[in-house]
1. Consider the stretch 177-196. How many of its residues are within 15 Å of ligand 1 (Cβ to nearest atom), open to solvent by less than 60 Å² (accessible area, probe 1.4 Å) and not aromatic (Phe, Trp, Tyr)?
2. Can Tyr73 be described as within 16 Å of ligand 2 (Cβ to nearest atom), of a type in the set (Phe, Trp, Tyr) and within 21 Å of the chain's Cα centre (by Cα)?
3. Please work out which residue is nearest to ligand 2 (Cβ to nearest atom), limiting yourself to the stretch 96-123 and to residues that are assigned to a loop (DSSP other than H, G, I, E, B) and surrounded by 14 or more Cβ atoms within 10 Å (Cβ to Cβ).
4. Please identify the pairs in which a residue from the stretch 229-250 that is more than 26 Å from Ala39 (Cβ to Cβ) has its Cβ atom under 7 Å from the Cβ atom of a residue that is outside any loop (DSSP other than H, G, I, E, B) and open to solvent by less than 20 Å² (accessible area, probe 1.4 Å), counting only partners at least 6 apart or on another chain.
5. Please go through the stretch 24-44 and pick out each residue that is buried (at least 21 other Cβ atoms within 10 Å of the Cβ), away from ligand 2 (no atom under 16 Å from the Cβ) and at negative phi.
6. Counting only residues that are open to solvent by 20 Å² or more (accessible area, probe 1.4 Å) and outside any helix (DSSP H, G or I), how many does the stretch 292-344 have?
7. Strands (runs of 3 or more DSSP E) wholly in the stretch 14-72 with at least 1 residues that are out of contact with any helix residue (DSSP H, G or I) (no Cβ under 7 Å at 6 or more places or on another chain) and under 20 Å from Leu206 (Cα atoms) - which ones?
8. Could you look through the stretch 1-12, keep only residues that are under 17 Å from Arg373 (Cβ atoms) and open to solvent by less than 20 Å² (accessible area, probe 1.4 Å), and pick out the one that is farthest from ligand 1 (Cβ to nearest atom)?
Amino acid sequence: MLNTKYIVVGAGVFGSVVAERIASVLNEPVTVIEKRGHAGGNCYSEIDRETGIECHRYGSHIFHTSSDAVWEYITQFGAFTGYRHKVLAVSGGKIYFLPINLKTLCDVHQRFITPEEAQRLLSGEKTDPATATNLEEKAIALIGRELYEKFIKGYTAKQWEKDPRDLPPDIISRLPVRTSFNTDYFSDPYQGVPKDGYFKLFERILSDPRISLLLNTDFKSIRHEISPDSTVIYTGMIDEFFDYRFGMLEWRSLRFEWETHRCRDYQGTTVVNYTDAEVPFTRIHEFKHYHPERREPFDSDKTVICKEYSKTWSHGMEAYYPVNTGRNQALLKQYQELARRNPNVIFGGRLGCYRYWDMDKAVLAALDCFESRIKENYHG
Ligand code: FAD
Ligand code: UDP
């Protein structure tokens with residue numbers, strides 16, 4: 001019988017942060033159950049044996065936040081480098097900076113454009129992005145049809161396997177549009193990657209001796225052993241928890257194709273997006289560029305890259321992106337209603353809440369969950 005007072009399912013960001021808070025603030029033992037062979041969830045990285053390069057096994061992860069509280073919390077577990085993410089995009093055989101900024105516009109028009117002229121060019125279509133009912137309308141309202149067709153249409157259709165007119169407008173809100181030469185991908189003041197790697201970061205978050213981590217353990221295989229008096233913090237898929245009784249929520253999955261090349265530098269940067277519909281993958285990651293300060297693997301004559309392909313999710317595959325349609329939101333509401341009738345289980349994380357969260361949002365949600373739902377109801 002598993003009878004610790006607190007059982008956390010999933011050792012990703014959300015589960016690890018909640019477990020750390022329970023152990024260190026409440027001084028209570030906590031069992032963390034993780035079905036994979038490692039902690040860290042999708043942020044997990046490992047050192048590639050052949051090249052010594054740290055590879056993010058579930059796609060590039062850059063920590064970025066505007067929250068002082070999140071930054072203060074996460075940096076307790078190790079320093080971050082000053083890495084600031086830049087993304088380049090190949091479109092029609094030419095290369096541009098994303099998100100769209102003054103440099104992108106100058107490159108598209110092959111001349112110098114002032115910020116004022118950029119403003120005029122971008123608002124060419126004169127429609128209000130706030131009234132857009134789908135992704136295409138919103139993108140055109142924000143950047144005009146030419147840039148939409150160059151950078152958004154093909155990539156979005158590949159990523160979501162849907163016509164952008166059938167997607168909700170908010171997906172595109174993640175990308176800023178700038179009329180300055182700031183070519184950073186993210187606008188947050190705090191950015192970086194863990195100096196000692198994501199694997200070390202999670203090792204430290206989970207290092208409290210009151211935390212027991214059970215790897216390679218699926219919740220399904222031990223759920224009958226959990227004491228009814230335990231509080232379960234569940235960060236797996238909410239529909240799976242309820243045996244899909246109302247049907248399955250839709251996800252997008254990914255396929256990563258790994259290659260080691262005998263060259264010092266494959267593409268000169270961490271991430272290059274391929275925005276043309278004809279190129280089958282969405283982006284190429286080259287991991288050594290996250291750590292130019294690690295001289296040995298950086299200067300070596302080998303490099304590891306990974307091509308990312310978007311895939312339709314089916315049962316048994318890794319679920320990466322929730323598909324935010326009316327059908328899925330209605331289904332989610334049904335599961336959330338059921339969850340309210342299970343007060344001993346707290347659903348959290350991107351799988352448990354069916355949310356498209358960056359790491360900082362997952363940290364913040366976990367800190368909030370601990371304060372408002374766990375500590376608040378704690379009676380010693
Ligand atoms: P997860 O990391 O998914 O953790 C959930 C854990 O629960 C997993 O380890 C899973 O194995 C485990 N689990 C599930 N079901 C069970 C079960 N039944 N039994 C036991 N264990 C179970 N965010 C950023 O801030 N910056 C980025 O650059 C960035 N890049 C991204 C790139 C990609 C390709 C993707 C898909 C996401 C990216 N994100 C990024 C988002 C980031 O991955 C998430 O914010 C973060 O992983 C959320 O953590 P989580 O704990 O909610 O979920
Ligand atoms: N997007 C695009 N072209 C790009 C990059 C992004 O059209 O080159 C769109 C696409 O719809 C994507 C969304 O913007 O799903 C959000 O992009 P982001 O890079 O934030 O996605 P993530 O890194 O989470 O996959």
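The values are calculated or read from the model by the stated rules, or taken from the named source; none is laboratory data. Quick caveat, the model's predicted, so the values are computed rather than measured. No Cβ is skipped: glycine too gets one built from the backbone with ideal geometry, and neighbour counts run over all protein chains shown. When the accessible area is computed, the model is the full protein with side chains, heavy atoms only, and any ligands, DNA or RNA have been set aside. Shrake-Rupley method; radii C 1.70, N 1.55, O 1.52, S 1.80 Å.
1. Here the count works out to 6.
2. Values: within 16 Å of ligand 2 (Cβ to nearest atom): no; of a type in the set (Phe, Trp, Tyr): yes; within 21 Å of the chain's Cα centre (by Cα): yes.
Taking the combined requirement at face value, the residue does not satisfy it.
3. Pro99
4. Phe246/Leu331; Phe246/Tyr335; Gly247/Leu331; Met248/Asp239; Glu250/Asn328
5. Val30, Thr31, Val32, Ile33, Glu34, Ala39, Tyr44
6. Of the residues in that region, 25 qualify.
7. The strands (runs of 3 or more DSSP E) meeting that bar are 30-33, 45-47.
8. Of the stretch 1-12, the ones under 17 Å from Arg373 (Cβ atoms) are 5-10.
Filter once more, keeping what is open to solvent by less than 20 Å² (accessible area, probe 1.4 Å): 6-10.
Working: Tyr6: 15, Ile7: 11, Val8: 9, Val9: 5, Gly10: 2 Å.
The extreme case among them is Tyr6.
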